[in-house]
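Each remark here refers to the structure printed beneath this line.
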Amino acid sequence: VKNPSSSLKSRFITRFLGALTKINAEDPISSPSPTRILQLYRRIKVASNKSMAYSVRSRRIWSRAMLSRFRSRRSAFSGRRSSVKTTNCTTINVTINENKTAKGGLDMQTDELRELVPGGEAMDVCNLLDETAHYIKCLTTQVQVMRKIVDFCHISKKSSM
């Protein structure tokens, strides 16, 4: 039985390394000016997020929202429109302690979480928590892969000196 986490990681690595190769081939770093570094940072960040969203595919609400955001940015330039496929969610009624909601504590935290998770503004609390857990797992995978790439580049740079 294949570990779903490792297959997610391998799909992400394949897509992300392909995107990094494309970025480097299109415009290799010639002068490391602050403006140039900021441009590369943004391109790498988008490449990383796109790679993760495509690796998850449309199985998750957050990935569909993120992919839709990328498509709408692209279609804004090409004049096309795109739509997001939504799923029916089962709502679970959660009884919340009146003291917590009176202070706004739980509601405020839920609203903050909705802003952090792509597509979170349209989710009920149960789905929001489920999607948040998966999104954190994916972000952790991104960080692990990026650290390995940096370590590899650092080792390669040392050995070539």
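A few notes on this one:
- Count of the range 26-54 residues which are more than 23 Å from the chain's Cα centre (by Cα), among the β-branched types (Val, Ile, Thr) and either closer than 24 Å to residue 8 by Cβ or open to solvent by less than 60 Å² (accessible area, probe 1.4 Å) (or both): 0
- Taking the range 127-148 as the range and being open to solvent by less than 50 Å² (accessible area, probe 1.4 Å) and either in contact with a Leu (Cβ under 8 Å, 6 or more places away or on another chain) or within 17 Å of residue 61 (Cα to Cα) (or both) as the test, the residues that pass are 127, 128, 131, 132, 134, 135, 138, 141.
- Pair list, Cβ < 6 Å and 6+ apart or interchain, from the range 118-141 residues that are at positive phi to residues that are surrounded by 20 or more Cβ atoms within 10 Å (Cβ to Cβ): 119/61; 119/62; 119/65
- When the criteria are applied in full, residue 128 meets the requirement of being touching a Gly at 6+ places or on another chain (Cβ under 6 Å) and not β-branched (Val, Ile, Thr).
- Scan of the range 149-161 for residues that are of a type outside the set (Val, Ile, Thr), open to solvent by 80 Å² or more (accessible area, probe 1.4 Å) and part of a helix (DSSP H, G or I), ordered by number: 151, 152, 154, 157, 158, 159, 160
The values are calculated or read from the model by the stated rules, or taken from the named source; none is laboratory data. The structure presented is a predicted model; accordingly, all values stated were derived computationally and were not measured. No Cβ is skipped: glycine too gets one built from the backbone with ideal geometry, and neighbour counts run over all protein chains shown. Each accessible area value is taken on the protein alone, full model and side chains, heavy atoms only, with ligands, DNA and RNA left out. Shrake-Rupley method; radii C 1.70, N 1.55, O 1.52, S 1.80 Å.
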